[in-house]
Amino acid sequence: MTMEQMDILLNGDEAAAWAAKDVHVDVVAAYPITPQTIVVEKFSEFVANGIVQTEFVSVESEHSALSACVGAAAAGARAFTATAANGLQLMNEILYIASSLRQPIVMAIANRAPSGPINIHNDHTDAMNVRDAGWIMLFAENTQEVYDTIIQAYKIAEDPNVLLPVMVCYDGFLISHTAERIKVFKDPKDVAEFLGGPRKIPKIELMGKEVELSLNPENPLPLTFGPLDLYDYYFEHKRQQSEAMQHAYAVIEKVNEEYAKFSGRKYGNGRVVPYRLDDAEIAIVLMGSTAGTARYVIDELRDEGIKIGELRVRSFRPFPYMDLERYLKNVKVVGVFDRAQDQGMQGGPLFLETRAALYDLASHPKVVNFVFGLGGRDMPPELLRTTMDELIAIKEGKKPVFNRKYIGVRE
Amino acid sequence: MIEQKWRPNLFELAKKPSLFTSGHRLCSGCAAGTIVRMVMMALPNPKRTIIANATGCLEVASTIFPYTAWKLPWIHNAFENAAATASGIEAAFKALKRKGLWKKDIPDIIAFGGDGGTYDIGLQALSGAIERGHDFTWILYDNEAYMNTGIQRSGSTPFAAATTTSPAGKVIPGKMEWKKPIGFIIAAHMNAYVATANPFYWQDLMKKVRKAVLYKGPSFLHVISTCNRGWRFDPSQSMIVSKLATDTCLHPLWEFDPETRTYSLTDRSLYIAKHPDQKLPVERYLETQGRFRHLFKPERRDDLIKEIQERVDKEWEYLLKLTGFS
């Protein structure tokens with residue numbers, strides 16, 4: 001039975017703040033940056049009006065925002081932060097530390113093009129910059145999904161087999177500043193119930209004593225976090241971290257199922273969301289808000305008898321290579337859309353990983369790349385239609401395969 | 001006015017368990033280990049204290065996995081963010097207590113940073129944490145250069161000192177800039193208890209630690225921490241060199257009370273203020289260390305020694321004015 005919910009008008013940033021409120025996170029440490037600012041503004045209101053008992057730390061930089069979250073999480077708190085672009089880049093050093101210290105922090109990212117030149121609008125280059133930092137990276141398509149995914153993120157992050165931080169990415173302005181009617185839980189206690197109450201900190205056995213993995217001074221043995229780890233142990237620890245990321249595949253799926261029972265909303269298998277792929281000969285692969293526009297075009301083409309479908313990647317890390325194999329194995333042509341820059345590579349990051357994921361198939365489809373929308377450049381249905389026409393032409397042998405094309409840019 | 005009546009006594013201290021154990025890998029003669037042990041003995045609530053440590057000598061030498069010298073909960077995050085990490089720990093316990101998830105008193109939080117993590121790369125996060133008024137104590141162990149990476153110049157390195165990035169060359173005789181007045185910079189935030197300390201004057205140091213930790217709000221302790229490897233002297237001389245830093249007024253002992261906004265001299269420096277003839281010439285300090293060798297050999301640089309003495313005199317006069325002595 002799903003929990004009681006109510007309709008509310010929120011933009012993506014407000015939805016992120018609303019989810020953090022409903023999770024009732026213990027500590028928020030954040031620094032303002034467009035287009036994330038509304039998250040911190042909205043959450044500050046919750047604090048100022050006594051709606052939450054959260055400690056809000058308005059730090060002096062994004063670097064300190066994430067650093068404070070690491071301290072808070074190590075102390076046993078549920079920690080939340082939010083940023084974008086340059087702020088995410090300033091955090092870079094601590095991203096790696098947060099994941100290696102295995103702190104289940106959740107961070108909302110209103111994706112924005114990184115400087116320079118300075119630009120405040122959406123693309124995914126900021127997230128792609130940090131794709132190897134050891135964070136789980138989930139991409140939401142719309143405001144509803146932002147809210148749902150942040151709640152899910154805590155359950156994924158805190159799973160004892162995972163214990164990794166999670167980024168919930170959504171398109172700056174396109175989602176962060178666009179108001180939509182969404183459903184939220186009427187009683188935040190239901191969210192607490194979904195999460196199993198306040199954060200449970202795993203215990204380990206150490207020198208014959210049961211020790212909580214935190215800075216708790218009541219521990220029978222005090223713990224040292226973040227020691228110097230040299231060639232004799234570092235590799236094993238990094239290997240464990242990689243294994244935790246492998247565990248996340250199943251946990252993302254499980255949490256998505258549990259959340260569906262609880263909310264009535266489900267996002268594919270949690271990792272990917274397929275659309276009209278059953279008999280498809282052509283597929284597109286993409287992330288974020290463009291997926292909705294693309295489905296509109298796909299419906300048009302389907303009406304014209306073209307067998308085309310969409311696979312939206314929701315979990316970029318861990319990368320769902322097994323789902324790509326499964327859903328795309330019978331497809332003839334795949335077009336991968338990267339809203340991120342491809343500097344000195346064969347194509348954008350999503351393209352490279354998609355092509356690699358399909359390589360082991362007995363007969364793999366032709367895979368081409370479209371780089372689009374940098375710095376907030378619009379991707380209207382008509383433009384998407386031209387790319388799909390190219391995919392059709394490739395399928396019919398009328399056009400050659402290419403690595404990458406830039407879409408919507410003046411030559 | 002911050003009141004603190006506790007006086008350390010050796011009989012009492014001898015009974016305290018060591019919370020910073022032997023077996024750490026700090027160099028022999030390093031003052032940082034001595035300072036940490038003194039800090040640990042002066043803690044008002046040793047069973048309810050959490051340590052955050054900036055990257056540096058102390059961090060790398062005390063926690064080589066799978067060993068740790070710390071018998072308190074301890075976290076190292078990065079170089080520049082120990083103050084932000086401490087902010088997060090404090091915020092966590094405040095929130096958990098408010099929600100009824102933490103029943104005891106909020107733990108005392110101590111952050112250790114070297115001069116790199118305090119004067120230079122960590123200054124922004126430290127200033128931010130102090131401005132926000134977190135209840136934590138920052139302990140700067142100041143060895144006046146990036147010792148952990150091999151004795152490179154920092155914003156704390158004194159004038160004329162030779163380091164590996166400010167070598168004493170034929171044209172430039174060591175570092176040509178003066179040490180940043182970090183204590184005054186922190187005191188200028190106007191909400192922190194600030195004090196300087198010297199492990200040779202251990203009672204003064206321990207009293208200040210106790211006061212800093214008990215002060216409700218941010219505290220900052222600037223402790224001179226000799227480094228025989230970087231300063232170039234015999235490891236047996238650490239405490240003698242420490243003593244000279246204060247006796248020459250290069251590292252005077254003072255404290256700033258944010259409630260009354262007053263500076264006061266303490267211990268040996270108070271004594272020197274009352275007995276000016278006890279103030280030793282800077283040369284007595286400089287001649288003990290290889291990093292100043294070029295001021296004496298191959299030929300004596302009276303011009304530079306004089307410049308240092310004049311600067312120290314000027315700063316000491318300034319401090320005497322601040323503390324009501326002139």
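The values are calculated or read from the model by the stated rules, or taken from the named source; none is laboratory data. The structure presented is a predicted model; accordingly, all values stated were derived computationally and were not measured. Ideal geometry is used to build each Cβ from the backbone, glycine not excepted, and the neighbour counts take in all protein chains shown. What goes into the accessible areas is simple: the full protein's heavy atoms, side chains included, and nothing from ligands, DNA or RNA. Shrake-Rupley method; radii C 1.70, N 1.55, O 1.52, S 1.80 Å.
Structure values in brief
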read-out: Between region B:98-148 and region A:179-219, the alpha-carbon center distance in angstrom; value: 27
read-out: Set A:Lys42/A:Lys203; A:Lys21/B:Lys104; B:Lys16/B:Lys99; B:Lys104/B:Lys216 screened for pairs whose C-alpha atoms are more than 28 Å apart; value: A:Lys42/A:Lys203; B:Lys16/B:Lys99
read-out: Accessible area of region A:109-199 belonging to carbon and sulfur atoms, whole % at 1.4 Å probe; value: 52
read-out: Angle in degrees between helix A:85-100 and the longest Cα principal axis of chain A, rounded to the nearest 10; value: 60
read-out: Kirkwood-based Rg to Rh ratio, region A:195-263, C-alpha trace; value: 1.07
read-out: Fraction of antiparallel bridges per DSSP, chain B only, in percent to nearest 5; value: 30
read-out: Three-way shape call for region B:271-326 based on the alpha-carbon gyration tensor, with the a/c threshold at 1.5; value: prolate
read-out: Tilt relative to chain B, helix B:31-42 - C-alpha long axis, 0 to 90 degrees, to 10; value: 40
read-out: Helix-only mean residue ellipticity at 222 nm for chain A, each DSSP H run of n ≥ 4 adding -39500 (n - 2.57), per residue, nearest 500; value: -12000 deg cm²/dmol
read-out: Test item: Cα-centred dipole of chain B, Lys/Arg +1 and Asp/Glu -1 on Cβ, debye; value: 1000
read-out: Region A:232-308 and region A:315-383: distance between their alpha carbon centers, rounded to Å; value: 13
read-out: Distance (nanometres) between label positions extended 7 Å along Cα→Cβ at A:Arg326 and A:Tyr231; value: 4.3
read-out: Relative contact order computed over chain A (Cα-Cα under 8 Å; 6+ residues apart), in percent; value: 16
read-out: Cα-derived Rg to Rh of region A:359-411, Kirkwood definition; value: 1.03
read-out: DSSP bridge pairs, the protein assembly as shown: antiparallel proportion in percent, nearest 5; value: 30
read-out: Distribution of pairwise C-alpha distances over region B:10-322, 10 Å bins, in %; value: 6, 27, 36, 22, 7, 1, 0
read-out: Nitroxide proxy distance, nm - points 7 Å out along Cα→Cβ at A:Tyr406 and B:Ser326; value: 6.8
read-out: Rounded, prolate or oblate (a/c below 1.5 giving rounded, otherwise prolate when a/b exceeds b/c) for region A:272-407 by Cα gyration tensor; value: rounded
read-out: Gyration tensor verdict on region A:52-111 (Cα atoms; rounded if a/c is under 1.5, prolate if a/b is larger than b/c, oblate otherwise); value: oblate
read-out: Region B:140-283: equivalent-ellipsoid semi-axes (sqrt of 5 x gyration tensor eigenvalues, Cα, Å); value: 27, 18, 15
read-out: Rg/Rg_globular for the protein assembly as shown, with Rg_globular taken as 2.2 N^0.38 Å and Rg from C-alpha atoms; value: 1.09
read-out: Distance from region A:106-133 to region B:271-326 (C-alpha centre basis), Å; value: 53
read-out: Residue of A:Gln246, A:Gln103, A:Gln346 that the Gaussian network model of chain A assigns the largest fluctuation, springs spanning Cα pairs under 10 Å; value: A:Gln346
read-out: MRE, 222 nm, helices only [DSSP H, n ≥ 4, -39500 (n - 2.57), over chain B, to nearest 500]; value: -10500 deg cm²/dmol
read-out: Calculated SAXS-style log₁₀ I(q)/I(0) at q = 0.09 Å⁻¹ - chain A, Debye, Cα scatterers; value: -0.53
read-out: Accessible surface of region A:304-411 [probe 1.4 Å, protein heavy atoms]: carbon and sulfur percent; value: 49
read-out: Stokes-Einstein D in µm²/s, Kirkwood radius over Cα pairs - region A:9-52 at 37 °C with 0.692 mPa s viscosity; value: 315
read-out: Pairs beyond 26 Å (Cα-Cα), from B:Lys179/B:Lys208; A:Lys155/B:Lys94; B:Lys180/B:Lys306; B:Lys47/B:Lys208; B:Lys15/B:Lys274; A:Lys238/A:Lys266; value: B:Lys15/B:Lys274; A:Lys238/A:Lys266
read-out: Exposure of B:Trp74 as accessible area (Å², to 10), given a probe of 1.4 Å and all protein chains; value: 0
read-out: 14 Å Cα cut-off, lysine pairs counted over region A:272-407 (separation 8 or more, or different chains); value: 10
read-out: Neighbouring partner chain Cβ atoms per residue of B:129-141, average, 10 Å criterion; value: 1
